[in-house]
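Please read the structure below before turning to the comments.
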């Protein structure tokens, strides 16, 4: 994600600036001159790499053996979804309690993208659409085995 702040352009990873590119203006092709990485950013990147948390190309990562979002929300699958169908069957009131994990612009295996009934793009893992539980807080797993049909992603 990048945000313009005053004269510089900041590139963010997990809400922290990764580097600052400064230029009085951007050229037609949006090129900028990259400034140096900050020590705190390097320390944060090193800590992430050494923590054993594997960041997926879609912003998800493994934490304590389960897949979580960048904000720490546990990710779930729904038994009623059919793998590789390209469809989510959790819509309406179901989707209010179990919001879909939004898909990035592109993904690579084992991830894929399904199109929801409302046209939104949802991330899928091994063909199964992914969700978070609306009653969870970051780090919680209250939705695991909910009604015996919702499960955390452990693989």
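The values are calculated or read from the model by the stated rules, or taken from the named source; none is laboratory data. Everything numeric in this text was worked out from a predicted model, so none of it was measured. Using ideal geometry, Cβ is built from the backbone for each residue, glycine included, and neighbour counts are taken over all protein chains shown.
Figures for the structure shown
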{"item": "Test for residue 154: is it closer than 17 Å to residue 59 by Cα and either out of contact with any strand residue (DSSP E or B) (no Cβ under 8 Å at 6 or more places or on another chain) or at pLDDT 95 or above (or both)", "result": "no"}
{"item": "Unique residue being at pLDDT below 90 and surrounded by 13 or more Cβ atoms within 10 Å (Cβ to Cβ) when the list is 48, 67", "result": "48"}
{"item": "Per-region count, the stretch 138-153, residues over 15 Å from residue 89 (Cβ atoms), over 16 Å from the mean Cα position of the chain (by Cα) and part of a loop (DSSP other than H, G, I, E, B)", "result": "6"}
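Per-residue answers, yes or no, for (1) surrounded by fewer than 13 Cβ atoms within 10 Å (Cβ to Cβ); (2) without any contact (Cβ under 8 Å) to a residue 40 or more places away in the chain:
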position: 81; (1), (2): no, no
position: 84; (1), (2): yes, no
position: 102; (1), (2): no, yes
position: 130; (1), (2): no, no
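Residue by residue, here is whether (1) modelled with pLDDT of 95 or more; (2) under 18 Å from the mean Cα position of the chain (by Cα); (3) surrounded by 13 or more Cβ atoms within 10 Å (Cβ to Cβ); (4) assigned to a loop (DSSP other than H, G, I, E, B) holds:
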{"position": "91", "(1), (2), (3), (4)": "yes, no, yes, yes"}
{"position": "96", "(1), (2), (3), (4)": "yes, no, no, no"}
{"position": "105", "(1), (2), (3), (4)": "no, yes, no, yes"}
{"position": "108", "(1), (2), (3), (4)": "no, yes, no, yes"}
{"position": "113", "(1), (2), (3), (4)": "yes, yes, yes, no"}
{"position": "117", "(1), (2), (3), (4)": "no, no, no, yes"}
{"position": "123", "(1), (2), (3), (4)": "yes, yes, yes, no"}
{"position": "136", "(1), (2), (3), (4)": "yes, yes, yes, yes"}
